Each structure stands twice: as structure tokens, then as C-alpha cells.
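Let me begin by presenting the structure, written as C-alpha cells, before commenting on it.
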Amino acid sequence: MTDLSVNIGGMSLKNPVMTASGTFGYGSEYAEFVDLNRLGAVGLKSITVEPREGNAPPRIAETEAGMLNSIGLQNVGIDAFISDKLPYLKQFDTRTLVNLSGRTVADYVELCGRLDGTEGVHGLELNVSCPNVDSGGMEFGVDASMLGALVEACRGATTLPLIVKLSPNVTSVVDMARVCESAGADGISLINTLLGMAINVETRRAELSRGMGGLSGPALKPVAVRMVWQVYNAVSLPIIGMGGISTTEDALEFIIAGASAIAVGTANFVNPRTTMEVVDGLESYFRRHEIPNLAALRGTCIVG
């Protein structure tokens, strides 16, 4: 039997396949396409203290090898999440990783405290890398001192596994990962979107209402794999790799680079069954190559 189980900072997963926050709603939106019981974990849409309407449209634009988005963290807020969204997920045999975002450290701390010990929540992911809001978000992810203070404050507010989703829009993602490790994080998510922009040449108007947005999809994958490899070789924290994963081969690249788990994002919009195909593909690969478990493959990339 192939053993694909993995532990991410105290969160035990039956396999390493997850969904990336912001691309899978609150789980119920994909239930007719995906057997949620087969997922290692569901990464949920970002939650804030108060409900948010998000940015004005247009806020999505297709690119040659992915998409730009500027959703702006539209969500139902923590109260409605706990009362209306979380009960649905409790019926499934999978883990839930709740993505948290705030404008201030106090916002993040409040969210961590509200969810600490809440039935059905298995881990928290700090979104410190959203490029589509005016305050909070990426502000924390590009400033090492702010990031360290935030992670340390959140660590004191919860006993749940604490994962930090880092921005690629920094000089050194390794330095940011080391800050998270020192401040008490249990894991790292790599990577969030790159800043991008598209312009309609006929109207000379930016395709997104805010001008810039987050680039995701296949164009991102080589950058993401590189960053996962760099961070794996610099810190001891488990890594959730993401960025352009559409196939089993994509997922395997991330694992071989050093990821303990992977998250499918933009591909969910193209093919809602991508996660199921990746789970099947990983099982087949491990059997075919007689690899006993995920640890035997993780971080085995040969360079030179």
C-alpha cells in the first residue's frame, strides 16, 4: 500500500493534495465535482473580522498562461463563517485550513482567538501576501519586522497549527521564511500571486479596476518551484507548495523540490476535478516507482 500521509505542523493529512485559498470557495461550491473526503485538506477562502464586498469589477482578467485577479478578499466575515459555512465541512473526512486576513495585528489575533478550539478547524493560514487590498495583506509579508511581530502575536493567540502564506514579491523569500520560523510558525505556504498588470490596447484601459492584480496559473510555476526549493534548503518548517499546479507532474515537481504538501489553485477554475486527478496520479506514481512514502521523495531534487 502506498502511504501518502503527511503531517503539516501538527495537522495530519491522508495525502498531500490540498486546495489553495480563494480558488475553492468554502468547499460546498465544488462538492458536485470533487469528493471532499479524498482531499488531504481544504484550503478555504480568506476570512476577515467583518464581511467584505471586495473590489469593484472588473477584477479578473485572463492572461496567456494564467489569470490576473483583484478580488479584494470578498468574504462573509468570521461570524457567518462559523455559523453558516463551517457546519457543512464537518461532515467530511478531511482537514480544513482556514485562511485569515486583517488590516492590523489585532485583526489577525482576534481571528486566531475566535477559531482556536473551534470544532472543524484543523489549521490556520495567515494571509500576509494579498496584493489586492489597500491595507494589511502584503504590507506584513514584505516587511520582516512586521511579519515577525504578527506571527509571534498570532502564535500566542492559538494552539492550532499556524501556517504563513508568503509573498513572492520580496527581495528574499528565504529571509521571510526564517523570520516565520523564529517567530513560532508551524509551516510555510509558497507562493501567493505575483504582481501583474494587463492593458486593453484598443481602449488603453487597464483590464482590472485597480490596475494591478495577482498573477496566478501555469506562468507562475517555475518561480514557485524555485522558491520552494530555496526555502526547503534554508528552514526546517514543512512547506505547502502552490503556484501553477495543473497536473500530477506539476505536483511532483514541488514535492521533489521540498514541499510536504501541494495546493491546487487556478486549475480549479479550468478543470474542477484537477485535485482528484492529482490524487490518482500521485498514487500511481508512488506505486510505479515503488516509493514507500512521501518523505522518501520530498526534497530529492538533484542539481548539477
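Bear in mind these aren't lab numbers, they're just calculated from the coordinates by the rules spelled out. Only a predicted model underlies this, so the values are computations on that prediction, with no experimental measurement involved. Here the Cβ positions follow ideal geometry from the backbone for every residue, glycine too, while neighbour counts run over all protein chains shown.
Within a Cβ distance under 14 Å of P57, other residues only, what is the Lys/Arg minus Asp/Glu net charge?
Numbers: positive: R59, R205, R210; negative: E53, E207.
So the environment of P57 carries a net charge of +1.
Going by amide H atoms built from the backbone, whose H comes under 5 Å of the H on R95, apart from near neighbours?
A41, V42
Once amide H atoms are placed 1.01 Å from N in the peptide plane, what residues at a sequence separation of 5 or more from T63, or on another chain, have their amide H within under 5 Å of its amide H?
L68
Can you compute 3J(HN,Hα) from phi for each residue in region 290-304, using the Karplus curve 6.51 cos²θ - 1.76 cosθ + 1.60 with θ = phi - 60°, rounded to whole Hz and x for Gly and Pro?
3J(HN,Hα) across region 290-304, in whole Hz: 6, 8, x, 7, 5, 4, 6, 9, 4, x, 9, 4, 9, 10, x.
Based on DSSP H runs of at least 4 residues, each adding -39500 (n - 2.57), what is the mean residue ellipticity at 222 nm of the chain after dividing by all its residues, to the nearest 500 deg cm²/dmol? Mind dumping the intermediate values first?
On the way: 9 runs with 83 residues, N = 304.
Calculated from helices alone, the mean residue ellipticity at 222 nm is -8000 deg cm²/dmol.
Just want the answer: with Cβ charges of +1 for Lys and Arg and -1 for Asp and Glu, which residue in S101, T118, P57 is farthest toward the dipole's positive end in region 1-147?
T118
With 10 angstrom as the radius, rank Y232, Y26, Y88 by how many other C-beta atoms surround their C-beta, starting from the fewest. Working shown, then result.
Values: Y232 25, Y26 20, Y88 14.
Lowest count first: Y88, Y26, Y232.
Can you match Rg and Dmax of the Cα atoms in Å to one of these, [x] 18.0, 67; [y] 18.8, 68; [z] 18.0, 58, based on a calculation from the structure here?
Correct label is [z].
Just report the Cα centroid separation between region 246-304 and region 1-60, whole Å.
If you average the Cα positions of each part, the centres end up 17 Å apart.
Which cross-chain or sequence-distant (5 or more) residues have an amide H under 5 Å from the amide H of G265, H modelled 1.01 Å from N in plane?
Answer set, sorted by chain and number: A20, G243, G244, I245.
Provide F286, F269, F254 in ascending order of the number of other Cβ atoms located within 10 Å of each residue's Cβ, fewest first.
Details: F286 20, F269 15, F254 29.
Ascending Cβ contact count within 10 Å gives the list F269, F286, F254.
Tell me the net charge near I71. Cut-off is 11 Å between Cβ atoms, I71 excluded, with +1 for each Lys or Arg and -1 for each Asp or Glu. Working shown, then result.
Numbers: positive: K45, R52, R59, R210; negative: E53.
My count for the surroundings of I71 gives +3.
Restricting attention to region 20-64, which GluC sites (Glu not before Pro) occupy a DSSP loop and are surrounded by at most 15 other Cβ atoms within 10 Å? Don't skip to the answer; put the middle values down first.
Working: sites: E29, E32, E53, E62, E64; in loops: E32, E53, E64.
Answer by residue number: E32, E53, E64.
Using Cβ counts within 10 Å as a stand-in for footprinting exposure, how do H289, H122 rank, fewest first? Can you show the working numbers first?
Values: H289 9, H122 21.
Fewest-to-most ranking of H289, H122: H289, H122.
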